[in-house]
1. When the chain is modelled as a GNM with alpha-carbon springs shorter than 10 Å, which of 25, 59, 89 fluctuates the most?
2. Gaussian network model of the chain, Cα springs within a sub-10 Å range: biggest mean-square fluctuation belongs to which of 95, 73, 62?
3. With springs only between Cα atoms under 10 Å, which of 27, 91, 75 fluctuates most in a Gaussian network model of the chain?
4. Using 0.36 nm times the number of residues separating residue 32 and residue 5, minus their current alpha carbon distance, what extension gain do you get?
5. Please compute the modelled spin-label separation between residue 60 and residue 113, points set 7 Å along Cα→Cβ, answer in nm with one decimal.
6. Starting from the coordinates of the alpha-carbon atoms of region 35-89, obtain the Kirkwood hydrodynamic radius over all distinct pairs and give the value in Å to one decimal.
7. So what's the chain giving for Cα Rg divided by 2.2 N^0.38 Å, two decimals?
8. For n ≥ 4 DSSP H runs only, could you compute -39500 (n - 2.57) per run for the chain, divide by its residues and tell me the 222 nm figure to the nearest 500?
């Protein structure tokens, strides 16, 4: 599956499961780590864990794709590594603290308005 399509599908799942402030940035021109980051927040530790579980399950069910690696299930920052797409799911406090959007400010923001509903 192409990375840009995977980004939209993951964003859809996060939106369906009520993730907060879903953002995607295109990182392929500024790092070799990935082509895209998706950043989203849960309203609590439990919600963040549930979001990660739901993304993993739905992407596997719909497209047969498993994350290559998962980090941080017991923390307020969960990372799902889909190779070219890294999904960062935070609690609100941890998202504000780590502020990945500021760290990767040189990356272009992906328009998700066609898949993410307005709050």
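1. In this elastic network of the chain, the residue with the biggest mean-square fluctuation among 25, 59, 89 is 59.
2. Among 95, 73, 62, the largest mean-square fluctuation in the Gaussian network model of the chain belongs to 62.
3. 75
4. Working: separation 27, 0.36 × 27 = 9.72 nm, distance 1.92 nm.
Net length gain for the segment: 7.8 nm.
5. Here the modelled spin labels are 3.6 nm apart.
6. 11.1
7. On the way: Rg = 12.8 Å, N = 119, 2.2 N^0.38 = 13.5 Å.
Working it through for the chain, the quotient is 0.95.
8. Details: 4 runs with 44 residues, N = 119.
Mean residue ellipticity, 222 nm, calculated: -11000 deg cm²/dmol.
Only the coordinates and a few stated rules stand behind these numbers; no lab work does. The structure displayed is predicted, hence computed values, not measured ones. Heads up, the Cβs are rebuilt from the backbone with ideal geometry, glycines too, and the neighbour counts pull from every protein chain shown.
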